[in-house]
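Shown next, in structure tokens, is the structure this report addresses.
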Amino acid sequence: MATIAFLLNGTPQRCDVSPDTSILTLLREHLAHTGTKEGCASGDCGACTVAIGESIADTQGFATANACITPAHQLQGKHLVTIEGLAKDGNLHPAQEAMVECHGSQCGFCTPGIVMSLFSLHYDLAQRPAPLTPERLEATLGGNLCRCTGYRPIRDAAVRMNDIPYERPQWFDATSPAPESDAQPSALTETAPFFAQPTTLTALTALRQAAPKARIVAGGTDLWLESTQRLASLDQLIDVSRVAELLTVEESTHENQSGWWIGAGVTYTQLEPLFEKYFPAFAHLLHRLGSQQIRNRGTLGGNIANASPIGDTPPVLLALGAQVELASVNGKRCLALKDFFLDYKKTALAADEVVSRIFIPQPTHSSQLRIWKLSKRREDDISAVLGVFSYRIEQGILRDVRIAFGGMAAIPKCAHGAESALEGCDVTQAAFRAAQQALVDDFQPMSDVRGSQHYRQQVAKNLFERLYLSLSAPDHEVMLHAYAH
């Protein structure tokens, strides 16, 4: 057991809970706050959505999260807002009132999560007024599923709530408790449960050396499924979400290394502005990677260290020529990302090392990036196949061709044969036919519930056809964009 000190709807709380306690369990079983519901217990449905606030640069912000897969101990020193805290003196919050007026609720099970997503949107619009675009509204509600109401009245409520007068409660400005001190490596044992929350890379690597079998948790969007879906015990956890060195994005302007060093703890939401400016296809992928709740929590470093063959970001990073920095008490070392993945869920990471940063080279002005994800659902779904194509076209010739796939092997992997087939070639059907043939030698895909080996081979070939058609007829739409807007 370890103590968490935080604010709950403006009221200080101190709770002693085990390391593998989620925010949802903390609320419902320890604090008797049952307004937050459990739906899927996997971060898909959004019924358990809560808002987590913290002060950044003297500004309070609230980010939505799925309480079912968020570690409760990460609330230390933060402000948790739930459905019970929104009404003031008997008056509903505009998000609640608008849901009532627009008949946005039927059975009501999903309603608390929807209201909390709208609360976060309402707060952001109040802090930074801007038009409520369809894209922003879809991003806000994309992680909240409703089985009986239909989404039209919920969307109407989102638009209506901004016209309802509202006086913000005083608890918005309540001061969060100070975080407690880091756990000391000398106090850890091989079997005793613990939740350690270091704030520096030095403290993190010392903890990693002292407890090499402890699980590393950042956003928890994948790790916590072991608890909720497999009922596994997560009794030794090292939380990296507050390690200062892992939370920065630094631009490198060195002549041979121009690009960005991205801390392993930087979330997808924090990366969106950078990607939208320099890698718009990558930014678009983030909206298909997961809901806003997931993007607020998930990290680039976590997606890499998890080493899933169907992780969405590693194939993109491979095609971009990314590098990964690994840190231990003995120092740091840097690897090309292609050398990091060794076999299924096996990486070059030593037992005492952690992923500290990822380097993404700056693209040249003429480079192009195409990313296509195939999944059963358009959004919030795991990839069956993800193909990434990076290239330049110089006087009609393909140059610097880099192609990577997820879902086609035991690891995210480059298609070296297909790259060679296209490098230095004109954009012709014959060149792309050769690349499709080379792909057969590059990959022998697996068969699983998301697709058979034959399906994966065929759709990967089809992506080459799609790229060829896109390049040979750039003024024609080959197929509809996967995102509604």
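The values are calculated or read from the model by the stated rules, or taken from the named source; none is laboratory data. Quick caveat: nothing in here was measured; it's all calculated off a predicted structure. When we count neighbours, we look across all protein chains shown, and the Cβ atoms used for this are built from the backbone with ideal geometry, even at glycine. For accessibility, only protein heavy atoms count, side chains too; no ligands or nucleic acids. Shrake-Rupley method; radii C 1.70, N 1.55, O 1.52, S 1.80 Å.
For this structure, a couple of remarks:
- All positions within region 11-40 that are surrounded by fewer than 20 Cβ atoms within 10 Å (Cβ to Cβ) and of a type in the set (Gly, Ala, Ser): 18, 32, 35
- Test: residue in region 112-129 that is part of a loop (DSSP other than H, G, I, E, B), surrounded by fewer than 22 Cβ atoms within 10 Å (Cβ to Cβ) and modelled with pLDDT under 95: yes
- Selection over region 89-102 of residues that are on the phi > 0 side of the Ramachandran plot and either of a type in the set (Phe, Trp, Tyr) or surrounded by 14 or more Cβ atoms within 10 Å (Cβ to Cβ) (or both) gives a count of 0.
- Within region 360-371, being farther than 18 Å from residue 323 by Cβ and in contact with a Phe, Trp or Tyr (Cβ under 8 Å, 6 or more places away or on another chain) holds for 368, 370, 371.
- When residue 424 is tested against (1) in contact with a strand residue (DSSP E or B) (Cβ under 9 Å, 6 or more places away or on another chain); (2) surrounded by 15 or more Cβ atoms within 10 Å (Cβ to Cβ); (3) of a type in the set (Gly, Ala, Ser), only condition (2) is not met.
- Taken as a whole, the condition of being under 21 Å from residue 407 (Cβ atoms) and open to solvent by less than 10 Å² (accessible area, probe 1.4 Å) applies to residue 298.
- Residues in region 108-136 that are more than 24 Å from residue 79 (Cα to Cα), free of Cβ contacts under 8 Å to residues at least 40 places away in the same chain and under 21 Å from the mean Cα position of the chain (by Cα): 136 only.
- In region 310-350, residue nearest to residue 65 (Cα to Cα) [restricted to those that are part of a helix (DSSP H, G or I) and open to solvent by less than 40 Å² (accessible area, probe 1.4 Å)]: 313
- So residue 147, is it modelled with pLDDT under 90, closer than 30 Å to residue 226 by Cα and of a type outside the set (Phe, Trp, Tyr): yes
- Taking the criterion of being surrounded by fewer than 20 Cβ atoms within 10 Å (Cβ to Cβ) and touching a residue at least 60 places away in the same chain (Cβ under 8 Å), the only residue of region 140-158 that qualifies is 145.
- Selection from region 47-61 of residues that are open to solvent by 10 Å² or more (accessible area, probe 1.4 Å) and either part of a strand (DSSP E or B) or under 25 Å from residue 195 (Cα atoms) (or both): 52, 54, 55, 56, 59, 60, 61
- The number of residues in region 204-217 that are open to solvent by less than 20 Å² (accessible area, probe 1.4 Å) and within 24 Å of the chain's Cα centre (by Cα) comes to 4.
- Elements of type strands (runs of 3 or more DSSP E) contained in region 352-441, each with 2 or more residues being at positive phi, free of Cβ contacts under 8 Å to residues at least 60 places away in the same chain and not aromatic (Phe, Trp, Tyr): none
- Whichever residue in region 351-392 is closer than 30 Å to residue 203 by Cα, open to solvent by 40 Å² or more (accessible area, probe 1.4 Å) and out of contact with any helix residue (DSSP H, G or I) (no Cβ under 6 Å at 6 or more places or on another chain) and, among such residues, is modelled with the lowest pLDDT: 351
- Unmet criterion (only one of (1) modelled with pLDDT of 95 or more; (2) over 28 Å from residue 203 (Cβ atoms)) for residue 247: (2)
- Listing of helices (runs of 4 or more DSSP H) fully contained in region 240-309 that carry 2 or more residues being of a type in the set (Ser, Thr, Tyr) and touching a residue at least 24 places away in the same chain (Cβ under 8 Å): 268-278
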